[in-house]
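A short worksheet on the structure shown next.
Read-outs: derived from the displayed coordinates by stated rules, not from any lab. Here the structure is a predicted model, which means the values were calculated and not measured.
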Amino acid sequence: MVTLTKKDIAKRLQERGFNQRLDELVALMNAICDEIVNAVHEGYAVSFRGFGRFYLKERLVKRTPSREGGNRELPPKNIKVLRFSPSKKTRVE
C-alpha cells in the first residue's frame with residue numbers, strides 16, 4: 001500500500017488547477033486538519049457528505065487477568081477514542 005502525504009495531495013491539487021503555491025496548499029490542509037481535531041475535542045461530530053464522519057466514542061477499560069487467577073478490577077475509567085465512519089461512496093467492500 002502506498003501512502004500519500006499532505007505534500008503529495010497538494011501536488012495533485014495543483015495538477016487539478018488550483019493556482020496556490022505548494023506550501024500554501026499544505027498550510028490550508030494543516031488548518032483544516034487542526035479544525036477537525038479541535039471540533040472533535042469539543043464534542044462535535046465532523047461530517048463530510050460523500051466522504052465520512054469523524055467522532056469520539058467512549059470505550060470501556062478492559063479487565064486484565066491477575067496473577068492469582070481471577071480478574072483484576074480496574075477503576076471505571078472510560079477512554080475516548082477517535083473514530084472514522086466512511087460514507088457508502090468511500091467504503092471499501
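Structure notes:
- Straight-line cross-link reach from Lys7 at under 26 Å between alpha-carbon atoms covers these lysines, not counting any fewer than eight positions away in the same chain: Lys89.
- Stokes-Einstein diffusion coefficient of the range 1-44, Kirkwood radius over Cα pairs, 25 °C, 0.890 mPa s, in µm²/s: 213 µm²/s
- Annotation: lysines with alpha-carbon distance below 19 angstrom to Lys77 (same-chain offsets under eight excluded): Lys57, Lys62.
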